[in-house]
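First the structure, in the form of structure tokens, and then the observations on it.
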Amino acid sequence: MRPMPANAALRALAELRHTRRATAALQALTEADPALAALSLWCRHRDDDDTPLAATWGDEIRYGAGFEALPLHEQIGLAGHHILHVALQHPGRMQAMVERLGPDFAPDLWQIGCDALINEALLAAGHALPRPALTLSRLMQSIGTEPDAQNLLAEWDAERLYHRLVQTGTRGGRGQNARRETAATARAHAQEQGFQPDFAPADADDSSAPDHSDTGDWRAHLARALSAGRMAGVGLGALGLRLADLPQPHTPWEVVLRRLLLRAMLQKPAPSSTRPARRWLAQAGLAVQSGAALPPWQPRLQAPQASPAIVVALDCSGSIPVEVLRRLMAEASGIARRLQARVTLLIFDEDIHSEIPLDPANWRQTLATLDLPQGGGTDFRPVLAHASHLAASVLVVLSDLDGPAGDRAPNCPVIWASPDAQPRAMPFGHVLSLAR
């Protein structure tokens, strides 16, 4: 069998990786946007009659019959849209959010946020998209957030934008209605702009799913592609954009909280003043038999008798979404069950309003019927003092951290959990952001 010529092999490879419908658009990308053209080489492309326009599935982009009907400049923009879905790993990150949040996850809000981020970047790079197109700046305006046009793409990534879309729209609106209103506003705006879901979460258990490059590989691909775009002086790379949505390894705050709680809850053995160590008994026995002096006293180490205690303080003047509170309490209750710990919930603003013991088995029912007062300022000092009075093993404070804490730390570790992406510094303890 004669070997295939090199140029014929390249053509065969191109036919496998590229489609007839998208060939013109992908070829035009080499001049219109070298960065997107470079990224397209790491994607798989094929025609699919079941797809209306185009869709992303893992690292594969499928082009429907409607794609051919678009003018070339819109084909280029739409192909770039899906290339960025693959490069930014939106399907894989969506699957990670599904596993992390479970039934609380809203897939349509995730896709709305991803589409808004990508379209904002493509339009800024001078590409055209089928109109109307959902953009990040207009989406932020629709939910009552004034965007910073200069730093918009550098400030928001898909995870942070998703949590912004599902949390309360105003500082005073803690209730479920306020959250639904914010999410409904985002959905209505997206529908007005013609939004249609165009990718699905990556399914790691599906043997037919395409193989996914890891996060480090795609960061390298993106760095090289943007560098090529800057050198060419056109397209996405020429803008010098700092994209916050670049895929990067990230430890969810639940994992960080779990580690901090376990470290604080592990009880160290303490010396007993009444019971000798076994080593001392053996040495003392030998000393008595030989007539030597008794060895120095060595106390036995024993586990503390008091059970550990977790105190969770909820600032009712802040804006902690119930979904975030539920995930945090799930972590705390799981650790409480494993370590046989007591869990106490404190409701406070300038003073402590309620002290509620939580049973790790039925804390969800307690939270579902919780009536939180609203309004007022914030003062952490009564909570810190009461945690010391309760002999807490660890204190978790859920707040926007806008209030006095004093300079004196309590006699237990403190975890400050804030919904802000960049929480303010506190005089002591560990500050944890719940924004992602």
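Since every read-out is calculated from the coordinates, none of them should be taken as a lab result. On a predicted model such as this, the values are computed, not experimentally measured, just so you know. Backbone-built Cβ (ideal geometry, glycine too); neighbour counts: all protein chains shown.
Summary of packing: across the peptides 82-94, 188-200, the per-residue average of other C-beta atoms within 10 Å ranks them, highest first, as 82-94, 188-200.
With unit charges on the beta carbon (Lys/Arg positive, Asp/Glu negative), name the residue among 365, 316, 419 whose Cα is farthest towards the positive pole of the charge dipole of the stretch 309-433. Of 365, 316, 419, it is 365. Taking only C-alpha pairs under 8 Å that are 6+ residues apart, what is the relative contact order of the stretch 309-433 in percent? 27 percent. Reducing the stretch 371-436 and the stretch 39-74 to their Cα centroids gives an inter-centroid distance of 50 Å.
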